[in-house]
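Just so you know, all these numbers are worked out from the coordinates, no wet-lab data involved. What you see is a predicted model; the values in this text were computed from it and never measured. For neighbour counting, all protein chains shown are included, and Cβ atoms are generated from backbone atoms with ideal geometry for every residue, glycine included.
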Amino acid sequence: MMEAQKYHLELVTYLFFFLLLSLTSLLLSLPGQDTLWFDYKGLPLKWYIPTGVLFDLLCAEPERPWNLTVHFRGYPSNLLIPCEGEESVKWSFINSLKEADYIINGNCKNVMNMSQSDQVELWRSVMDGNLDKYIRSSSKLKLGTVTTDEADMVGQVKAGKIPVRLYVWKVDNWDQISYINRPLEIHKEGKYFTLHDALKNLLPEFFAGKSLDQ
């Protein structure tokens, strides 16, 4: 049986990169291992969800160190889609960018037309967990959500569409996760529309007994 080991995980990246950086020598010494995977208290962890999101989603109380189990065999293919390596993680991320691009612009051209060098630079920033580098690289995609229309007679600032992915806190089974793909009108005359307002409209069950105007 392996002894428990402590490692530092970047919350803004993916568990797969932890495997590459920290367990490479161990992997080379294990003959015939299956696709690697992690679990937390018996729940297999989805490799395409960023590490920090998994931590916040699954830990009701902050747990340090975060005790994970790494498995070298018995991949739970009935619960997790296959991970073929770094390319699988990369294209899962790129596909999320395409979804965001489509919501904002009505097409995926900005992402689809990325040069190879820009794509490499953006992906490297994700792998390194480098937020400043990511912001610099992603700005080339022009996914900004607020623009000024110079043709507008009153010169108002128009809010664009804002893609948001929500993960509901405290999950014991992935079957409990529901996926919501729903447009939400964010214009209210004389009032700012906040993220709190959006959540009360999208997830009213979490605000039971409270007025939507509170």
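What is the extension gain from residue 64 to residue 165, computed as 0.36 nm multiplied by their sequence separation minus the C-alpha to C-alpha distance, in nm to one decimal?
On the way: separation 101, 0.36 × 101 = 36.36 nm, distance 2.60 nm.
Stretched out fully, the residue 64 to residue 165 stretch lengthens by 33.8 nm.
HN-Hα J couplings of the range 92-100 from phi, Karplus 6.51/-1.76/1.60, θ = phi - 60°, integer Hz, Gly and Pro as x?
5, 5, 4, 5, 5, 4, 4, 4, 5
Among the listed pairs 109/191; 140/161; 109/161; 98/142, which have their C-alpha atoms separated by more than 22 angstrom in this model?
Numbers: 109/191 33 Å; 140/161 18 Å; 109/161 16 Å; 98/142 12 Å.
The answer is 109/191.
With a point put 7 Å past each Cα toward its Cβ, work out how far residue 120 is from residue 182 in nm, to one decimal.
4.4 nm
On each of the three principal axes of the Cα atoms of the range 86-144, give max minus min coordinate, whole Å, ordered largest first.
On the principal axes, the range 86-144 reaches 30, 24, 17 Å in Cα extent.
Stretched out fully, how many nm does the piece from residue 96 to residue 138 gain, at 0.36 nm a residue minus the Cα gap?
Values: separation 42, 0.36 × 42 = 15.12 nm, distance 1.30 nm.
So the extension gain works out to 13.8 nm.
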